[in-house]
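Quick one: this structure, given as structure tokens, is what I'll be asking you about.
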Amino acid sequence: MKTLRVLTGITTSGTPHLGNYVGAVRPTVRASRQPEVDSFYFLADYHALIKVGDPARVQRSTLEIAATWLACGLNPDEVTFYRQSDIPEIPELTWLLTCVTGKGMLNRAHAYKASVDKNTASGEDPDAGVTAGLFMYPVLMAADILMFNAHRVPVGRDQIQHIEMARDIAASFNHLYGEHFTLPEAAIEEHVATLPGLDGRKMSKSYDNTIPLFTPREQLRKLIMGIVTDSRLPGEPKDTQGSALFQLYQAFASVDETASLAQSYASGIAWGEAKQLLFERIDQEIAPMRAVYEELMQNPAHIEHTLRRGAEKARSVATPFTRELRQAVGLRALDTLATKAPTTKSAKIAAASFKQYRESDGLFYFKLVDAGGQILLQSDGFTSPKEVGQAIARLQSEGSPALDALRPRMKVMAGTAELTAALEQLASAGH
Ligand code: TRP
């Protein structure tokens, strides 16, 4: 049964390179195959607009990244794979969250602060060239995560602060409006290698030292031949320590293959020969996926269709949840108001009722909701609707004495007095 919700986004601002593959795509696709995980992967194209002002590049990158994930084995029937901008509920939730987000917290976001510090250092206005999009980045990201009540968010270290902010924002919202959001946790892949690029520094688009993941075979060979090495001659022993070539090899080879290359380094393998080995080893892993990638890139309509289907799946969660959130904050249909406004607490409580439903995790839940839509009680997941029925029956017939017995399986979301009164009413009405 899928009980753990894992969600991550990929900003569509560039072409995937080997570093992205080893650091993110490969481990994520592997993790997505675990049966107990309910995975959400999306193309963060709203986020791309924050740094890319070239529409053709946003579109191209979205296609390339979608094709990459599919070519690397992400199965859209097993996971929810979608494009952020296909979910109009995301910008809507962004606004609801914006209204409970402290501006001071956003002032402290690393990315924003870095821009401000740079401006200040060069004597410019602190906010010169800073868009409100950059400033709001963490709130949009919180909406991505909270919309699907993700438990775990696999990200790079540079994103940890954003997950902490999402927790903060979720907690503020919950405090004000009731427990609607799960507090997410960052999952950092400790043992995944950071790949060096062609010049030995971390492989990164900003250093212009990348090897594109699906560059054609001949181009791959050329790029690998250009990796920096020291000037030791063939026959001279070579250091594996600090050798970009060696680290790249290690990221693709088995333990045995890696040990054997270390042996060759010690016995003076020529750099040209080592590069040839590296090229063949990488190509062996990449070639079958490259063939799929090239085919997918020839068929954008197929990818478009896959993403739309993914969006439907995602919206089957997002649409009802947004309805609930709108209700919670008071964006409500007016005709749900009683013509005579309730004057006492009990008038409101009298109309409290139980709601039973099934979540996409396959479990059955119930909640007790008052007339105003405020949640008074929220259950955990039950494996069968029968158990839910029994719990509700007990609460209805016994009233608040049943609360303690059931407490480990539910959360109380309202004041005790309010809840007790609601239950007493229900019990005495004998529903
Ligand atoms: N900010 C993330 C990055 O640059 C991308 C992203 C956007 C994301 N929304 C997200 C990651 C939600 C995880 C969850 O890597």
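Nothing in this text is a laboratory measurement; each read-out follows from the coordinates by a stated rule. Because the structure is predicted, anything quoted here is derived from the model rather than measured. Cβ: placed from backbone, ideal geometry, glycine included. Neighbour counts: every protein chain shown.
Based on Cβ point charges of +1 for Lys and Arg and -1 for Asp and Glu, what charge dipole magnitude is obtained for the range 81-163 about its Cα centre, in debye rounded to the nearest 20?
Values: 7 positive and 9 negative charges, 63 e Å.
Roughly 300 debye for the range 81-163.
Ranked highest first by the average count of other Cβ atoms within 10 Å around their residues, in what order do 244-251, 306-313 fall?
244-251, 306-313
Test of understanding: what is the full-extension gain from ALA121 to ARG201, defined as 0.36 nm times their sequence separation minus their Cα-Cα distance?
Numbers: separation 80, 0.36 × 80 = 28.80 nm, distance 2.59 nm.
Taking ALA121 through ARG201 to full extension adds about 26.2 nm, to one decimal.
Can you list the residues of the range 117-131 with backbone N under 14 Å from a point 7 Å past the Cα of LYS103, pointing along Cα to Cβ?
127
Using the crude model of +1 on Lys and Arg Cβ and -1 on Asp and Glu Cβ, and no other charge, please compute the dipole size for the chain relative to its Cα centre, in debye to 20. Before the final figure, lay out each step's value.
Numbers: 45 positive and 49 negative charges, 157 e Å.
It comes to approximately 760 debye.
With a bin width of 10 angstrom, please list the P(r) values of the chain as percents of all Cα-Cα pairs, from the 0 bin to the one holding the largest distance.
Taking all Cα pairs of the chain, the binned fractions are 4, 17, 24, 21, 16, 10, 5, 2, 1, 0 percent.
A follow-up question, please. At most 16 other Cβ atoms within 10 Å and a DSSP loop assignment: could you name the GluC sites (Glu not before Pro) in the range 28-129 that fit?
Values: sites: GLU36, GLU64, GLU78, GLU89, GLU92, GLU124; in loops: GLU36, GLU78, GLU124.
Taking the range 28-129 and a limit of 16 other Cβ atoms within 10 Å, the loop GluC sites (Glu not before Pro) found are GLU36, GLU78, GLU124.
Please go through the residue pairs LYS2/LYS205; LYS2/LYS367; LYS2/LYS411; LYS118/LYS238; LYS202/LYS222 and name each one whose alpha carbons sit more than 29 Å apart in this structure. Before the final figure, lay out the partial values.
Details: LYS2/LYS205 36 Å; LYS2/LYS367 21 Å; LYS2/LYS411 22 Å; LYS118/LYS238 41 Å; LYS202/LYS222 19 Å.
From LYS2/LYS205; LYS2/LYS367; LYS2/LYS411; LYS118/LYS238; LYS202/LYS222, over 29 Å: LYS2/LYS205; LYS118/LYS238.
Right, here's the next one. Run the simple label-point estimate for GLN161 and THR131 please: 7 Å along Cα→C-beta, distance reported in nm.
Distance between the two pseudo-spin positions: 2.0 nm.
Run the quick spin-label model on GLU312 and GLU295: label points 7 Å from Cα toward the beta carbon, then report their separation in nm to one decimal.
2.3
May I ask you to derive the FRET efficiency for GLU280 and SER400 from their Cβ-Cβ distance with R0 = 56 Å, giving the value to the nearest 0.05?
Numbers: r = 71 Å, r/R0 = 1.27.
In this case the efficiency is close to 0.20.
Full-extension gain between GLN390 and HIS305, please, as 0.36 nm times their residue separation minus the C-alpha to C-alpha distance. Mind showing how you got there, number by number?
Working: separation 85, 0.36 × 85 = 30.60 nm, distance 4.31 nm.
Stretched out fully, the GLN390 to HIS305 stretch lengthens by 26.3 nm.
Counting Lys and Arg as +1 and Asp and Glu as -1, each charge on the Cβ, what is the dipole of the range 118-202 about the Cα centre in debye, to the nearest 20? Numbers along the way, then the final one.
Working: 6 positive and 12 negative charges, 35 e Å.
It works out to roughly 180 debye.
Turning to a different aspect of this structure: Taking 0.36 nm per residue of sequence separation and subtracting the Cα-Cα distance, how much length would be gained by fully extending the chain between THR229 and LYS113, in nm to one decimal?
Details: separation 116, 0.36 × 116 = 41.76 nm, distance 3.66 nm.
Here the segment from THR229 to LYS113 would lengthen by 38.1 nm.
A further question follows. Listing CYS72, CYS99 from the residue with the fewest other Cβ atoms within 10 Å to the one with the most, what is the order?
Values: CYS72 20, CYS99 11.
Arranged by neighbour count, lowest to highest, CYS72, CYS99 become CYS99, CYS72.
Give, as ranges by residue number, the residues of the range 192-210 whose backbone N falls under 16 Å from the point 7 Å along Cα→Cβ of ARG57.
In the range 192-210, the label zone of ARG57 (backbone N under 16 Å from the point 7 Å along Cα→Cβ) covers 204-210.
If you don't mind, another one. Once you put a point 7 Å from the Cα of GLU190 and another 7 Å from the Cα of HIS175, both along the Cβ direction, what distance in nm separates them?
Going from the GLU190 label point to the HIS175 one covers 3.2 nm.
Given the DSSP H assignment, sum -39500 (n - 2.57) over each helix run of at least 4 residues in the chain and divide by its residue total; what's the result at 222 nm in deg cm²/dmol, nearest 500? Walk me through the intermediate numbers first.
On the way: 17 runs with 218 residues, N = 431.
Rounded to the nearest 500, it is -16000 deg cm²/dmol.
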